[in-house]
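Take a look at the structure below.
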Amino acid sequence: MPRMTQRVCLIIALIIVPVICGRILPLQGQPKWEISALPPSVRLNPSSGKILEDRPDLYEMPSLGNLLKKNWVYDGAHIRLNCARGEYVSFQLVIEKTGGEDLKDIIVRVPPMKKSGNILPDPELFLEWAVRVTIHSTGYEKSSLGPGFYPDALIPLKFIQMDMSRYKGRLHYPFELPDFINRIDNQRYALVWVDQWVPVDKKAAPPGTYRSKAEVSIAGTTRSIPIRLHVWDFALPNRNNLAGNLQHEGFLRRMGEGQELELYQLFKRHRVVPADPTYEPSIRVSKNGNVEINFEIYDKRLKKYFTGEAFTDRYGYRNGPGYGEPIEQFVLPFDVYGKHGGGGWPDIVKSELQPSDDWMDMYNQAAVLEKTPEKQRIYIQAIRKVRERILSMVDPSKTDLIVYLNGLDESYFPEAWDRMKFWGGVFKKHFPEARFRVDGSYSREAMEVIKDILDYWCCHTIGYDIDTIKQYRVFGVQDWLYGPQMYEREENGWCGSSTFMDLELSNERLISWSCFKYGTHTWCSWGIGSGWKTGWYNSETFKDVFRNHGTGPLSYRNYNGNAMEVYAPGYVPGVNEPCPSIRLKNMRDGVEEFEYMRLLTRLDGNRDRVDRIVDEIVFQPYGKAAIGNLNAWNHNPQAWDEARIRMGRMIEKASKEAGNQ
């Protein structure tokens, strides 16, 4: 064979042989890498490659095995997903560096999913940013997943620079592995979170199988994984029926209107309500006791949320649930003087209290003074004016109006219960459309005092005993879940948030599942973005010292990621909008699954099938009986995800049968 012909044959062989083998193999000197996919219910340590949620050493669960090779959404060759209309479905694309060379100029694409002429909205892609946890969250020595890097912040891929041929000069955030900006020790893996929104409208998303691919290109080499998404023939409601909320005093009010809008829209997409009870209109009380209120903050900033216009095309809201729907809850600005020392709104007593080193003395002074006819006249005028203005903008059948008096929050002493009863009566008389809410784990003695004026009991999970709860439902009291989900010890109840980074992801879904299990009205967790600025580089988003708790193990509290489900813009180069967390995505999944339970229950006409599924996942997570029980729910993420699939198939079948009848 002539020498030239031999060279041609060699070149052809170098091209053809890798293709015959099923993938493009790296040539000499090229970087070595692989791709795979993971379900959204687990996290991968980007250094070690270990699945954080794979902990049979901690919990009663099977080992998950090597999920990078095969798992319940990725069979080693294809990504297979299922969902309804009106929800998000997700997976994680994993890029693994298998050689010594760094991976430069990584390009990731997921084209729109298609089915016989039907095209779904563009997938939403995020680069996963990892945060180092150095020590377990206080009080969770056993159940914490321990130190290491935790993927958590999700940076929209539009802020990451891919395809270097498009850029000149300096780069602010190129897509590389290792990630030069994130600085993960010995990083071997980069992860991209993929969210797919499936519209509610059947015409926009007919049932059937949609196809696309997850594609990665590095140094001229491209690899891809086919995606098959089966859309069931039913839809979740556009409206968020559960309306679980993250409450954070002052967090939203103190930011600019543009960023405020971004956050309200972000949470709408995740079926979670951001609540801030400090939207206080400016108020002036004349010498003769007449009240004037300037409602500019409501008219200019809040009206678009009350009407739902903030969640329409006019304000850039296109894909996601809740289109055109108003905010599901609004916590009214009212407050009273209390144990925290704040004056309340309207502030009618603080300036007249006699100073004292005993806070209880000042508390009792306020309790007497606030009931005088002069002070009541001022407060009631404020109630009536707020009511008039709010009802001109809000439909109470769509937006739950809530009175929450922070000055009486978690007050476990009789003087506070008497004040709760008094103020509850005032609001029932002068603002009957509003719901009076009290937060805390209250005793029977306390509940007997306040039950007749109470609409919502936001019951701390440490005191959530379902038999006691049912006794007060008879009086029309609707209960909420509030606080941690895991109880290693009773002192875990010192926290009002359920959002810990170093606990497993099912911790975020559990509270919505539990609402269905127990027939709970909804849930609340404190904190939207506590430490959201420093959180990019420091997992310890909540730290304090309890001086009155001695020198025991809980005197110094450190919580990882607690009370923070979003990350601030402006702290990572080029990232100029709030970023969601993986924990928020899983919180959203729990709310969507709650809607599955509602739909199947309605179609069946009973709870039997749903209860059997829920009872396989949620056992007994709350109340004194749960303390020390690390297996109060199913810790196998595959069991959670498969339960969702089972319910989806049941709903589709039941819907067809109902249609035929």
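Of note:
- The range 343-359, subset more than 15 Å from P333 (Cα to Cα) and hydrophobic (A, V, I, L, M, F, W, C), residue surrounded by the most Cβ atoms within 10 Å (Cβ to Cβ): V349
- The number of residues in the range 451-465 that are assigned to a helix (DSSP H, G or I), out of contact with any Pro (no Cβ under 9 Å at 6 or more places or on another chain) and hydroxyl-bearing (S, T, Y) comes to 0.
- Selection count where residues are surrounded by fewer than 20 Cβ atoms within 10 Å (Cβ to Cβ), touching a Pro at 6+ places or on another chain (Cβ under 9 Å) and modelled with pLDDT under 95, scope the range 294-342: 4
- The residues of the range 283-308 that are more than 29 Å from the chain's Cα centre (by Cα) and under 26 Å from K398 (Cα atoms), listed by number, are I293, N294, F295, E296.
- Among residues of the range 158-184 that are in a helix (DSSP H, G or I), those with a beta-carbon under 9 Å from a residue that is surrounded by 20 or more Cβ atoms within 10 Å (Cβ to Cβ) at least six positions away or on a different chain give the pairs K158/L125; F159/L127; F159/V572; F159/V575; F159/C579.
- From the options D409, D395, residue that is touching a Phe, Trp or Tyr at 6+ places or on another chain (Cβ under 9 Å), open to solvent by 10 Å² or more (accessible area, probe 1.4 Å), of a type outside the set (S, T, N, Q) and closer than 21 Å to H521 by Cβ: D395
- Listing of helices (runs of 4 or more DSSP H) fully contained in the range 564-661 that carry 1 or more residues being surrounded by fewer than 16 Cβ atoms within 10 Å (Cβ to Cβ) and aromatic (F, W, Y): none
For (1) open to solvent by less than 40 Å² (accessible area, probe 1.4 Å); (2) in a helix (DSSP H, G or I); (3) out of contact with any strand residue (DSSP E or B) (no Cβ under 7 Å at 6 or more places or on another chain), each residue gets a yes or a no:
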| residue | (1), (2), (3) |
| --- | --- |
| D361 | no, yes, yes |
| Q365 | no, yes, yes |
| K371 | no, no, yes |
| R377 | no, yes, yes |
| I383 | yes, yes, yes |
| V403 | yes, no, no |
| K421 | no, yes, yes |
| G424 | yes, yes, no |
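- Residue among A190, A243 that alone is out of contact with any Cys (no Cβ under 6 Å at 6 or more places or on another chain), within 30 Å of C495 (Cβ to Cβ), small (G, A, S) and in contact (Cβ under 8 Å) with a residue 60 or more places away in the chain: A243
- Within the range 51-75, considering residues that are touching a residue at least 24 places away in the same chain (Cβ under 8 Å) and not hydrophobic (A, V, I, L, M, F, W, C), the one nearest to D185 (Cα to Cα): E53
- D395 passes every criterion in (1) in contact with a helix residue (DSSP H, G or I) (Cβ under 7 Å, 6 or more places away or on another chain); (2) in contact (Cβ under 8 Å) with a residue 24 or more places away in the chain apart from (1).
- The listed residues are E448, E491, and the only one of them that is modelled with pLDDT under 95 and assigned to a helix (DSSP H, G or I) turns out to be E491.
- R254 meets all of the listed conditions (1) in contact (Cβ under 8 Å) with a residue 60 or more places away in the chain; (2) out of contact with any Pro (no Cβ under 9 Å at 6 or more places or on another chain) but one, namely (1).
- Test for Y150: is it in contact (Cβ under 8 Å) with a residue 12 or more places away in the chain, among the aromatic types (F, W, Y), within 30 Å of V198 (Cα to Cα) and open to solvent by less than 20 Å² (accessible area, probe 1.4 Å): yes
- Condition broken by I378, with the remaining ones in (1) among the aliphatic types (A, V, I, L, M); (2) in contact with a helix residue (DSSP H, G or I) (Cβ under 6 Å, 6 or more places away or on another chain); (3) touching a residue at least 60 places away in the same chain (Cβ under 8 Å) satisfied: (2)
- For beta carbons closer than 6 Å, sequence separation of 6+ or different chains, a first residue in the range 328-346 that is touching a residue at least 60 places away in the same chain (Cβ under 8 Å) and farther than 13 Å from A366 by Cα and a second that is of a type in the set (S, T, N, Q) and open to solvent by less than 20 Å² (accessible area, probe 1.4 Å), the qualifying pairs are E328/N240; Q329/N245; F330/T399.
- Residues of the range 458-493 satisfying the condition of being more than 18 Å from A632 (Cα to Cα), touching a His at 6+ places or on another chain (Cβ under 9 Å) and open to solvent by 10 Å² or more (accessible area, probe 1.4 Å): Q478
The values are calculated or read from the model by the stated rules, or taken from the named source; none is laboratory data. Computed from a predicted model, the values in this text were never measured in an experiment. Note: ideal-geometry Cβ built from the backbone for every residue, glycine included; neighbour counts use all protein chains shown. Accessible surface is based on the protein model in full, side chains and every heavy atom, while ligands, DNA and RNA are left aside. Shrake-Rupley method; radii C 1.70, N 1.55, O 1.52, S 1.80 Å.
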